[in-house]
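Read through the structure below, which is laid out as structure tokens, and then see the notes.
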Amino acid sequence: MTSPGVAGPADAPDNSMTFAALNAVHAGAKPLHSAAATLGLGVPVEHTHRTIIEPFRIRAVEPLGITTRAEREVALERASFNPFALHADEVLIDLLTDSGTGAMSAAQWAAIMIGDESYAGSRSFYRLESVVRELTGIRHVIPTHQGRAAEHILFSALLKPGNVVPANAHFDTTRANVEFLGAIAVDLLRDEAMDPQADLPFKGDVDVVKLREVLVRERGNVPCVMVTITNNRGGGQPVSMGNLKAVRALCDEFGVPMFLDAARFAENSWLIKMREPGQGARTATEIAHETFRLADGFTISAKKDGLVNIGGLLGINNDALADLCRTRLILTEGFPTYGGLAGRDLEALAQGLKEVLDEDYLHYRHASVRYVFDRLDAMGVPMMRPPGGHAVYLDGGAFAAHLPKSQFPGLSLTNALYLEGGVRGVEVGSLMFGKPATGTEPEEFATLELVRLTFPRRTYTQSHMDYLVEVVAHVWENRASLPGYRIVEQRPVLRAFTAKMAPIA
Ligand SMILES: *Cc1c(COP(=O)(O)O)cnc(C)c1O
């Protein structure tokens, strides 16, 4: 399982000289350790080999659902050709989401055994609080059952109808919570970041010119600015440290608090280290510390970089706002020292937040995403560029160029990946974002017909990734036979999750 260079020049522009030198060493197949040491690299020597090493060994295993093609055909038909309706046991490699789907470490399972289940004042809460305070520097730490609960509690204390909440890009639940309270969610990515082919390092950056315009126009009507790190909507596109500082400066100028939607703070920190000039010599932990200290608070879905299967966090510096939020928390989540979680969950999260900044882990995680992207790219498979921190997006519209949008090319590709190899991705195209025709309005379609392959944390190995590449390659070669689909049954909202579909003969 040797693979092409894992942390290639594309990822580390400020290290390109040393990587070039390293590649020469690789080509000569000499032992690397002394050579790397004399090159004075900023990366540990063990990162210089080509093969991606999962930085863990596995002592608890879970069998995969290995099925035949005939069995998958039956399963997909039973699921009305919507992969959301498959039983997970019928899926071999499940890349539906990276949310809550990762593996916990032995240390996290051990921590679970010492969870303190006291209703009030649990020892596990104080441990979590001290870990989060050290990580973020934020004073008030409020646990919630997951990210959207933190969002709802924060926004219900902060927003009034008609308020405007600017962000680089709101995550779906963040936008929904803003709009539920009658406020307006405004996305302010730079125009170049909307181009799926623009290979830019920080496509998650806030457009600070547009942000200034909004802050001027809506003076007094903006209760907070949100920055989503990484930008989930683009598959984990990072926000640079330079941009975070520029947003902070604007927030100071206009007297508006800055909040982070920090579900993937560790991946963002790693991509800053890899991609931003001047940041390469810092540790991911130092970068994460600085990131959080720029903000006045945060919401976190701990199901991502918390390395747990359930959990969320709300962090706030302002005492009065924290007080309001705790009152609301008691109404919907529970007492402020457990907030909808068991004591053992708080322990696992405290441990996960420490492990996620381990650079061997971060290196491996990003290298795995990059590896899949680079191998598919070398075969000419069309994808969104560059790959972000947690997902690769296939361009279903280019795979099924013979299908009109009305026949859901993204779903066609998603289903073909399942039938071919038991791989479950998710359509993010016209089934997810389009709308059916109404009496007065025509049918609406998404701009792009993408299929997201999202990588659960610490769950699959490089041979699983090799298998995935093989499956995608096979579907790519046979793309001319991808069938169109039609909707048999749909709900008026969030139709992608429940729609019943049928292939068009
Ligand atoms: C997952 C996610 C959320 C919502 O969190 P849940 O834990 O699913 O409720 C919010 N923002 C971002 C960026 C996310 O990725």
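Residue check: Val423 meets all listed conditions (1) surrounded by fewer than 22 Cβ atoms within 10 Å (Cβ to Cβ); (2) in the same structural domain as Arg495 (by TED's automatic domain parsing); (3) touching a residue at least 40 places away in the same chain (Cβ under 8 Å) but one, namely (1). When Glu213, Glu267, Glu253 are checked against the criterion of being part of a helix (DSSP H, G or I), within 16 Å of the ligand (Cβ to nearest atom), assigned by TED's automatic domain parsing to the domain that holds Phe298 and not polar (S, T, N, Q), a single residue qualifies: Glu267. For segment 296-303, state whether one or more residues are more than 16 Å from the ligand (Cβ to nearest atom) and at negative phi. So far as segment 296-303 goes, yes, one or more of its residues are more than 16 Å from the ligand (Cβ to nearest atom) and at negative phi. When Arg375, Arg370 are screened for being basic (Lys, Arg) and either crowded, with 23+ Cβ neighbours inside 10 Å or within 24 Å of Ala284 (Cβ to Cβ) (or both), only Arg370 passes.
Can you confirm whether Glu129 is more than 19 Å from Asp261 (Cβ to Cβ) and either at pLDDT 95 or above or in the same structural domain as Asp305 (by TED's automatic domain parsing) (or both)? When the stated conditions are applied, Glu129 passes them.
Output the residues belonging to segment 277-303 that are assigned to a loop (DSSP other than H, G, I, E, B) and either crowded, with 24+ Cβ neighbours inside 10 Å or not hydroxyl-bearing (Ser, Thr, Tyr) (or both).
To start, the set of residues in segment 277-303 that are assigned to a loop (DSSP other than H, G, I, E, B) comprises 277-283, 294-296, 302-303.
Answer for segment 277-303, where residues must be assigned to a loop (DSSP other than H, G, I, E, B) and either crowded, with 24+ Cβ neighbours inside 10 Å or not hydroxyl-bearing (Ser, Thr, Tyr) (or both): Pro277, Gly278, Gln279, Gly280, Ala281, Arg282, Leu294, Ala295, Asp296, Ala302, Lys303.
Results for (1) among the charged types (D, E, K, R); (2) in contact (Cβ under 8 Å) with a residue 24 or more places away in the chain; (3) closer than 21 Å to Val74 by Cβ; (4) crowded, with 22+ Cβ neighbours inside 10 Å, shown as yes or no for each residue.
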residue: Tyr393; (1), (2), (3), (4): no, yes, no, yes
residue: Phe399; (1), (2), (3), (4): no, yes, no, yes
residue: Gly410; (1), (2), (3), (4): no, yes, no, yes
residue: Asn415; (1), (2), (3), (4): no, yes, yes, yes
residue: Met432; (1), (2), (3), (4): no, yes, no, no
residue: Thr440; (1), (2), (3), (4): no, no, no, no
residue: Ala480; (1), (2), (3), (4): no, yes, no, no
residue: Ala505; (1), (2), (3), (4): no, no, yes, no
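Which ones in segment 248-276 are β-branched (Val, Ile, Thr) and crowded, with 24+ Cβ neighbours inside 10 Å?
Of all residues in segment 248-276, those β-branched (Val, Ile, Thr) come to 256, 272.
Of everything in segment 248-276, just one residue is β-branched (Val, Ile, Thr) and crowded, with 24+ Cβ neighbours inside 10 Å, namely Ile272.
No other residue among Val239, Val227 is buried (at least 17 other Cβ atoms within 10 Å of the Cβ), in contact (Cβ under 8 Å) with a residue 60 or more places away in the chain, within 16 Å of the ligand (Cβ to nearest atom) and part of a loop (DSSP other than H, G, I, E, B) apart from Val239. Scanning segment 58-86 for residues that are loosely packed, with under 10 Cβ neighbours inside 10 Å and among the hydrophobic types (A, V, I, L, M, F, W, C), we see that the one that is nearest to Arg486 (Cα to Cα) is Ala70. In the set Leu341, Leu313, Leu353, only one residue is within 16 Å of the ligand (Cβ to nearest atom), outside any helix (DSSP H, G or I), over 15 Å from His140 (Cβ atoms) and out of contact with any Ser or Thr (no Cβ under 6 Å at 6 or more places or on another chain); that residue is Leu341.
One residue is enough: does segment 452-462 have a residue meeting the conditions part of a helix (DSSP H, G or I) and touching an Asp or Glu at 6+ places or on another chain (Cβ under 8 Å)? Yes, that holds for at least one residue. Being away from the ligand (no atom under 16 Å from the Cβ) and part of a strand (DSSP E or B) holds for only one residue in Val131, Val165, Val186, and it is Val186.
The values are calculated or read from the model by the stated rules, or taken from the named source; none is laboratory data. No experiment lies behind these values; they were computed from the predicted model shown. Methodologically, a virtual Cβ is constructed for each residue, glycine included, from the backbone with ideal geometry; neighbour enumeration extends over all protein chains shown.
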